[in-house]
Amino acid sequence: MDRPAAGVSYQRFPRVRIRDLKDDYAKFELRDTDASMANALRRVMIAEVPTVAIDLVEIEVNSSVLNDEFIAHRLGLIPLTSAAAMNMRFSRDCDACDGDGSCEYCSVEFHLAARATDSDQTLEVTSNDLRSTDPKVCPVDQARAYQHALGGSEPYDTAAAADQRGILIVKLRRGQELRLRAIARKGIGKDHAKWSPAATVTFMYEPEIRINEELMETLTLDEKQSLVESSPTKVFTIDPNTQQVVVEDAEAYTYDDEVIKKAEAMGKPGLIEINAKEDSFIFTVETTGAITAYELIMNAITVLRQKLDAVHLQDDDGDLGELGAHLVGG
């Protein structure tokens, strides 16, 4: 393989186009890059964008049917609003509390106190019963209420809030009680899944579909219908006006090759050609609610740039050794 000449740059400038953007969902295109960069972005979104999650639980009273460790685990998995996480310190690096993880710069304190007094009713203790010392960090179920209290632009719908029961922690019967103190800290999904802000992050190569119109003309309407129906997903359809097979939704294609196999079985190889654009990707992102989809994408790009900058600095310092020599063609 020919190595690049000294001074030659293969720098690329990826482009992003947002297709759909909601608080917890985003769909966008990433172009003019390769699979390594697309996968790096996906992995950073899943495992290295920081959020805040409950990491320490001190149980004062627990007479419920669940043991202390079970409740602590359930508390850790409750997603907390983490818009401020990028500006917080990791507890291990915090000099204000000597790494104890118990100061305002690296942690948020929660309290919960619940006791069942009604003999006939089961008391459901949920994430709505957690009380935070910092209104910017709270269970996602409480986020709208806090936004209203802080004068947010979104109006607070009391009826809608009443339907939000919160995430169930434990159920209490008469005489049972749960009282605890919890500390939430900044972390990343690589350390524990509770810190991952992503419910799912996927990407696919953008398909490029070509139909041989000359060969298609040789098919009867029934054969065209059979060809369209051979695809497990609705990629193709028949135009009611021209009776021609057309692409309805290229992105529904799952690279199953069923249509191509059907065309070959009909004795029409090359009737349809489907190739993946190796420099174009379609991302689908869903979040847990800890941060918005937009924040997840932008924070992931920030983290990825920091990692690349660190590699660049190591290269400048000559710390890459044989890898550095290989990169420059030595």
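The values are calculated or read from the model by the stated rules, or taken from the named source; none is laboratory data. As the structure is a prediction and not an experimental result, all values here were calculated from the model. Cβ coordinates were reconstructed from backbone atoms using ideal geometry, including for glycine residues, and neighbour counts include every protein chain displayed. Keep in mind that these areas ignore ligands, DNA and RNA; they rest on the heavy atoms of the full protein, side chains included. Shrake-Rupley method; radii C 1.70, N 1.55, O 1.52, S 1.80 Å.
Placing +1 on the Cβ of every Lys and Arg and -1 on the Cβ of every Asp and Glu, with nothing else charged, gives the range 21-107 a dipole about its Cα centre of roughly 540 debye.
Cα convex hull, the range 206-287: 106 Å³ per residue, rounded to a whole number.
For the chain, what is the per residue volume of the convex hull drawn over the alpha-carbon atoms, in cubic angstrom? Show your work: numbers first, answer last.
On the way: hull volume 81.8 nm³, N = 330.
Hull volume over Cα atoms, normalised by residue count, gives 248 Å³.
Counting charges near Gln243 (Lys, Arg +1; Asp, Glu -1) among other residues having Cβ under 12 Å from its Cβ returns a value of -3. Modelled spin-label separation between Asn275 and Asp118, with each label point placed 7 Å from Cα along the Cα-to-Cβ direction: 6.7 nm.
Checking the table Lys136/Lys307; Lys234/Lys261; Lys27/Lys277; Lys224/Lys268; Lys22/Lys186; Lys224/Lys262 against a 20 Å threshold on Cα-Cα, which pairs fail? Write down the numbers at each step before the final one.
Values: Lys136/Lys307 28 Å; Lys234/Lys261 16 Å; Lys27/Lys277 18 Å; Lys224/Lys268 12 Å; Lys22/Lys186 25 Å; Lys224/Lys262 11 Å.
Over 20 Å Cα-Cα: Lys136/Lys307; Lys22/Lys186.
Would you mind counting up the charge near Ser119? Only other residues with Cβ under 11 Å from its Cβ, with Lys and Arg at +1 and Asp and Glu at -1.
Details: positive: Arg173, Arg174; negative: Asp118, Asp120.
Residues close to Ser119 contribute a combined charge of 0.
The residue list Gly267, Leu123, Pro135 was ranked by how far each Cα lies along the charge dipole of the chain toward its positive end, using unit charges on Cβ atoms, and Leu123 comes out on top.
Between Ile211, Leu77, Ser63, the Cα set farthest toward the positive side of the dipole of the chain (charges on each charged residue's Cβ, about the Cα centre) is that of Ser63.
In whole percent, and with a 1.4 Å probe on the protein chains, what portion of the accessible area of the chain is carbon and sulfur?
Details: 9110 of 19030 Å².
With neighbouring chains kept in place, the figure for the chain is 48 percent.
Phi angles of the range 259-266 translate, via the Karplus equation with coefficients 6.51, -1.76, 1.60 and θ = phi - 60°, into HN-Hα couplings of 5, 5, 5, 5, 4, 5, 5, 7 Hz per residue; Gly and Pro are given as x.
Quote the charge dipole size of the chain about the Cα centre in Debye, to the nearest 20; the model charges only the Cβ of Lys and Arg (+1) and of Asp and Glu (-1).
Working: 36 positive and 57 negative charges, 179 e Å.
Rounded to the nearest 20 debye, it is 860 debye.
Label sites at Ile18 and Gln306, each approximated as a point 7 angstrom past Cα along Cα to Cβ, lie 2.3 nm apart. Taking the longest Cα principal axis of the chain as reference, the axis of helix 293-316 is set at about 80 degrees. Using a probe of 1.4 angstrom and keeping all protein chains present, the accessible surface of the chain works out to 58 square angstrom per residue.
Ordered from largest to smallest accessible area (heavy atoms of protein chains, 1.4 Å probe), the residues Val125, Val246 come out as Val246, Val125.
Only Lys, Arg, Asp and Glu count, each charged at its Cβ (+1, +1, -1, -1), so figure out the dipole size of the range 163-255 about its Cα centre, rounded to 20 debye. Intermediate values should be presented prior to the final figure.
Working: 13 positive and 15 negative charges, 428 e Å.
In debye, rounded to 20, the range 163-255 gives about 2060.
Coupling constants for the range 40-57 follow from the phi torsions by the Karplus curve (6.51 cos²θ - 1.76 cosθ + 1.60, θ = phi - 60°), and in residue order they are 4, 5, 4, 5, 5, 4, 6, 10, 10, 8, x, 9, 10, 8, 5, 10, 9, 10 Hz; glycine and proline get x.
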